[in-house]
Amino acid sequence: MEEQGVDVLFVSNPSNINYLSGYNAYSFYVVQALIVIKEHDQPIWIGRREDANGAKLTTWLDDDRIYHYTDDYLHSNTKHPMDVITDLLKKLNQDQRRIGVELGSYYFSAMNYENFKGWLPDASFIDATTLVPNVRMIKSKQELHYMRNAAANAEHAMEVGINSIREGVSENEVAADIYHAQINGAEGIDGDYPSIVPLLLSGVKTSSPHLTWDGTAFQGDEIITLELAGVHKRYHSPLARTIKLGQPNSREKRLKDAVKEGINETLAAVKPGKTCGEVAMVWSEVIKKHGFEKYDRLGYSIGLSYPPNWSEHTASIRQGNETVLQPNMTFHLIPGLWEEDCGVEFSETFVVTENGCETLADYPRELIIKEGRETTFS
């Protein structure tokens, strides 16, 4: 805050609220915030009245740092929760200061901002979208413990999903099995709901990585991509693999060979001191040898998250990104190739170490071939 000239930080992203206070509830669909005032030793939580007890139960804040607005401010045409929040800032003599707001947050609407500016005409506003996420990028020992547990949950969910895929079974049946595994968790590790649904795609749908499942039944000869995340204490560890029912054709093999070599070489290039852009160049050079070109983003910082996305919205592994890798940064690397009617993807969540990187999940980084009751890897 000092570096960016922020006196008062208005935090609306629930991941950042959790990181700073511990608050954990599915209440981010209404206005809620954590207000960090530079001179105060505790932040202020403010949200809907019925959620205030949740703040008392999950945060480390004293009760007198928890405020609320009443339900008549919710979805009203005559008043707005920001009216209560700006009134509080005035009472605390914070209405003429430099206020940082997360302008790029999913959870901070244009109406919120307009109300903020209208009620605090003497304040100056600074975009602080990445202020907290940039701090969050380097994980503590405890956070890495949570992410390793999340990775174990990802392995479990992936195994359940792959075992469920077979001829005659529908995509939504497999998705249901995956959800059960994600929430139940691996043995001895609590699971949780993921910030993104399982992305289960088959046949021509593998050409578009963000479609969702439907009632289509597997015919026994499809290529299938599956991207999911294990979750523990809201920390995410995503994992993607590609499955083939029957033997892959020559085109599928060519895609698989390029992606497999590409991700292996890219992971081998990760070291502290390198930039995200330099790592991305390795991928591009490898797939060029296989006759492919792709310059899109192939990874991003990852950690604590809530729907609708599990990214930290900071560093991206793509050409030109100058973020310097440091130990204990964590990323999801997903360098897939998606052509007009077919796609192949493998992914790993990794932590930057002192000498390279550690992939958090332990699952075969191979094309998974299922023929009848037999499963092989390629």
| request: Output the number of residues of segment 88-108 satisfying the condition of being polar (S, T, N, Q) and open to solvent by 50 Å² or more (accessible area, probe 1.4 Å). | output: 2
| Flag for His156 being under 23 Å from the mean Cα position of the chain (by Cα), at pLDDT 95 or above and either small (Gly, Ala, Ser) or open to solvent by 70 Å² or more (accessible area, probe 1.4 Å) (or both) | no
| message | When you scan segment 140-147, do you find a residue that is under 30 Å from Ile243 (Cα atoms) and buried (at least 19 other Cβ atoms within 10 Å of the Cβ), even just one? | response | yes
| request: Give, as residue ranges, the strands (runs of 3 or more DSSP E) completely inside segment 324-378 that count at least 1 residues that are more than 22 Å from Asn134 (Cα to Cα) and over 21 Å from the mean Cα position of the chain (by Cα). | output: 368-371, 374-377
| task | Kindly check whether there is at least one residue in segment 182-196 that is in a helix (DSSP H, G or I) and either touching a residue at least 40 places away in the same chain (Cβ under 8 Å) or crowded, with 23+ Cβ neighbours inside 10 Å (or both). | result | yes
| note | For segment 222-278 the number of residues that are touching a helix residue (DSSP H, G or I) at 6+ places or on another chain (Cβ under 7 Å), without any contact (Cβ under 8 Å) to a residue 40 or more places away in the chain, open to solvent by 60 Å² or more (accessible area, probe 1.4 Å) and outside any helix (DSSP H, G or I) is 0
| message | Take the residues in segment 52-63 that are open to solvent by less than 30 Å² (accessible area, probe 1.4 Å) and either in a helix (DSSP H, G or I) or small (Gly, Ala, Ser) (or both); name whichever of them is farthest from Val84 (Cα to Cα). | response | Gly54
| said: Condition first: surrounded by fewer than 24 Cβ atoms within 10 Å (Cβ to Cβ), assigned to a loop (DSSP other than H, G, I, E, B) and in contact with an Asp or Glu (Cβ under 7 Å, 6 or more places away or on another chain). Can you find one or more residues in segment 3-11 that meet it? | reply: no
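The values are calculated or read from the model by the stated rules, or taken from the named source; none is laboratory data. Computed from a prediction, not measured in an experiment: that's the story for all the values here. Positions of Cβ are backbone-derived with ideal geometry, glycine not excepted, and every protein chain shown enters the neighbour counts. Just so you know, the surface numbers come from the protein's heavy atoms only, side chains and all, with ligands and any DNA or RNA stripped out. Shrake-Rupley method; radii C 1.70, N 1.55, O 1.52, S 1.80 Å.
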